[in-house]
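A short worksheet on the structure shown next.
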Amino acid sequence: EKYMEFDLNNQGEIDLMSVKRMMEKLGAPKTHLELKKMISEVTGGVSDTISYQDFVNVMLGKRSAVLKLVMMFEGKANESNRKPSGPPPERDIASLP
């Protein structure tokens, strides 16, 4: 799901602008040179875009700290958007504004 979220052109590849958007969303914006270096590290210098297989290898490989950071960020973002289920708790007159 995360891969598809950042595959902006729906061609099965994450390009430079998609990586830029991902890093900005994570609160860690990078320069174009830093982004190119990141893509080069992921792909082994073979491609200018990140394939799904490269993405999975990064997320599940030795450097899975990236995955943990993404999952932690997404988990915290989702927690703040969740609405409580069930009826609201009872309130008394003192708790009213």
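Among the candidates ARG91, ARG82, single out the residue that is modelled with pLDDT under 70 and either open to solvent by 90 Å² or more (accessible area, probe 1.4 Å) or under 20 Å from LEU8 (Cα atoms) (or both). Full working, then the answer.
Details: ARG91 fails: modelled with pLDDT under 70.
The match here is ARG82.
Could you check the range 1-53 and list, in sequence order, the residues that are among the charged types (D, E, K, R) and not in a loop (DSSP other than H, G, I, E, B)?
Once the filter is applied, which keeps residues that are among the charged types (D, E, K, R) and not in a loop (DSSP other than H, G, I, E, B), the range 1-53 yields LYS2, GLU5, GLU13, LYS20, ARG21, GLU24, LYS25, GLU34, LYS36, LYS37, GLU41.
Under the condition of being more than 17 Å from ASN57 (Cβ to Cβ) and open to solvent by less than 80 Å² (accessible area, probe 1.4 Å), which residue from the range 1-17 is farthest from the chain's Cα centre (by Cα)?
Filtering the range 1-17 for residues that are more than 17 Å from ASN57 (Cβ to Cβ) and open to solvent by less than 80 Å² (accessible area, probe 1.4 Å), the one farthest from the chain's Cα centre (by Cα) comes out as ASN9.
The values are calculated or read from the model by the stated rules, or taken from the named source; none is laboratory data. Quick caveat, the model's predicted, so the values are computed rather than measured. Using ideal geometry, Cβ is built from the backbone for each residue, glycine included, and neighbour counts are taken over all protein chains shown. The protein model used for the area step is the full one, side chains on, heavy atoms only, and it has no ligands, DNA or RNA in it. Shrake-Rupley method; radii C 1.70, N 1.55, O 1.52, S 1.80 Å.
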